[in-house]
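**Q** What follows is a single structure, and I will ask about it in a moment.
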Amino acid sequence: MNSQTPHGTAPGTGTGIGSATGIGTGEEPRPGGQLEGPRALLLDAGIPIASYYLFTGVFGMSTLAALAWSGALPAARSVWSLVRERRFNAVATLMTATNIIGLLLSLMAGDERLMMAKDSAVSSTFGLAVLVSALIGRPLMAPMLKPWITKGNAAKGAAWERLTAESAAFRRVQRRHSAVWGAALLAECVARVIGAFTLPVDVMVWLGTVMLIVAIVLAILVSGVLGIDKMEKVVAAEVAAQAEAEAAAATPAPAVSAAPAGTAAR
């Protein structure tokens with residue numbers, strides 16, 4: 001596609017950028033590319049979190065051992081990304097940092113209330129990182145969210161990249177989505193710490209899990225209204241505008257009469 005062809009009227013749109021794949025360029029999407037986002041999220045966050053609870057709940061490992069083993073995969077992927085791919089893997093690095101903090105807190109033994117409070121280290125570290133990323137204009141949740149918005153569709157993926165590069169309004173929605181998640185997880189952390197030192201221990205044993213579930217559900221609902229719904233609509237509008245522009249570019253121009261000026265058409 002000619003890069004000078006305008007996009008339609010979708011807000012904040014412009015010409016395609018280099019990271020857009022397979023839209024009007026004749027390029028085929030990279031094999032397995034549509035699965036890279038969900039696969040990376042699973043490897044960097046899903047498996048480490050699930051394995052931690054598996055090690056502690058099923059295999060009876062200590063918190064220290066479970067954190068060490070569950071943190072091996074994201075730590076390895078962080079190093080691999082820096083050394084071999086020359087890029088910074090934010091999610092894997094964040095999970096590694098979270099595990100390190102958990103390991104350090106696990107060494108502080110003795111007070112059972114302190115041990116309950118340390119369970120908020122995961123959500124607080126992740127929440128703080130997400131909130132800061134939104135404030136500095138590099139929302140950490142955006143790369144995680146992209147696969148769910150684009151659903152592996154090449155046209156939607158290209159639209160996401162164009163909007164991220166060219167639309168300030170779209171980037172604001174991305175930051176808002178991350179800010180909601182960061183604020184929810186930090187609020188859960190504060191509530192858990194307060195509960196750990198003010199409520200009976202047997203109450204906090206189950207209430208801490210309830211707090212985390214409530215925080216996640218609220219984050220999903222609020223970010224869905226303030227972020228996901230808006231991004232889905234804007235991406236869909238951009239895809240439609242791009243398709244319209246491509247169709248217009250492919251339409252042959254009408255023939256121009258070669259008759260000299262001032263002569264009557266016969």
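**Q** Counting only protein chains, not ligands or nucleic acids, how are 101, 220 ordered by accessible area (probe 1.4 Å), most first?
**A** Sorted descending by solvent-accessible area, the residues read 220, 101.
**Q** In the full protein assembly as shown, how much of residue 211 is accessible to a 1.4 Å probe, in Å² to the nearest 10?
**A** Surface accessible to solvent at residue 211 totals approximately 40 Å².
**Q** Continuing with this model, one more query. Using Cα-Cα distances under 8 Å and only pairs 6 or more residues apart, what relative contact order does segment 126-245 have, in percent?
**A** 34 percent
**Q** Taking the Cα centre as origin and putting +1 on Lys and Arg beta-carbons and -1 on Asp and Glu beta-carbons, what dipole magnitude results for segment 128-263, to the nearest 20 debye?
**A** 220 debye
**Q** Using only protein heavy atoms and a 1.4 Å probe, report how much of residue 197 is accessible, in Å² to the nearest 10.
**A** 110 Å²
The values are calculated or read from the model by the stated rules, or taken from the named source; none is laboratory data. Worth saying up front: this structure is predicted, and the values here are computed from it rather than measured. Positions of Cβ are generated from backbone atoms using ideal geometry, with glycine treated the same way; all protein chains shown enter the neighbour counts. The area values use the complete protein model at the heavy-atom level, side chains included, leaving out ligands, DNA and RNA. Shrake-Rupley method; radii C 1.70, N 1.55, O 1.52, S 1.80 Å.
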